[in-house]
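Read the structure below first, then the notes.
The values are calculated or read from the model by the stated rules, or taken from the named source; none is laboratory data. What you are looking at is a predicted structure, and each value in this text was computed from that prediction instead of being measured. Neighbour counts run over all protein chains shown; Cβ positions are idealised from the backbone, glycine included. Surface areas here come from the heavy atoms of the whole protein model, side chains and all, with no ligands, DNA or RNA. Shrake-Rupley method; radii C 1.70, N 1.55, O 1.52, S 1.80 Å.
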Amino acid sequence: MPPNFDPSKKYPLILEIHRRPVRKLWPDILGDYQLYAAAGYIVVYGNPRGSTSYGEEFANTIYNNYPSQDYDDLMSIVDTAIQKGNVDAEHLFVTGSSGGGVLTSWIVGKTHRFKQQ
């Protein structure tokens, strides 16, 4: 959340996608998220299918099938953030590097929900 978060306001959202499948996210070491929040964005991230955080079977669900259900997981994360009421659904952004960059390209090719800047 942005500093001085005001629950009566709506904020733009950045979906941050971690670097590669079969890895879990370590948010305590990712400074970009803090910079985005400091700039006034709500930052969301998660461990979609293919991440190691839920065991080997979960991690292998996208083997030879990437991107796929991980896209659905990421859209569910965004939908959940919007449902909480503080996200401006007209100002959604997505970013990622490496495997997250592949998913970012996939997302902007599949949906027009996210803005270009």
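Pairs only if they're at least six apart or on different chains, beta carbon under 8 angstrom, first in the stretch 9-37 and more than 21 Å from residue 84 (Cβ to Cβ) and assigned to a loop (DSSP other than H, G, I, E, B), second modelled with pLDDT of 90 or more and of a type in the set (Lys, Arg); list them, first residue then second.
Going by the 8 Å Cβ cut-off, there are no qualifying pairs.
Would a scan of the stretch 41-51 turn up a residue that is modelled with pLDDT of 70 or more, out of contact with any Leu (no Cβ under 9 Å at 6 or more places or on another chain) and not β-branched (Val, Ile, Thr)?
no
Among (1) touching a strand residue (DSSP E or B) at 6+ places or on another chain (Cβ under 8 Å); (2) modelled with pLDDT of 95 or more; (3) part of a helix (DSSP H, G or I), which single condition is residue 92 missing?
Unmet condition: (3).
In the stretch 73-107, what residues are without any contact (Cβ under 8 Å) to a residue 60 or more places away in the chain and open to solvent by 80 Å² or more (accessible area, probe 1.4 Å)?
The answer is 83, 84, 90, 106.
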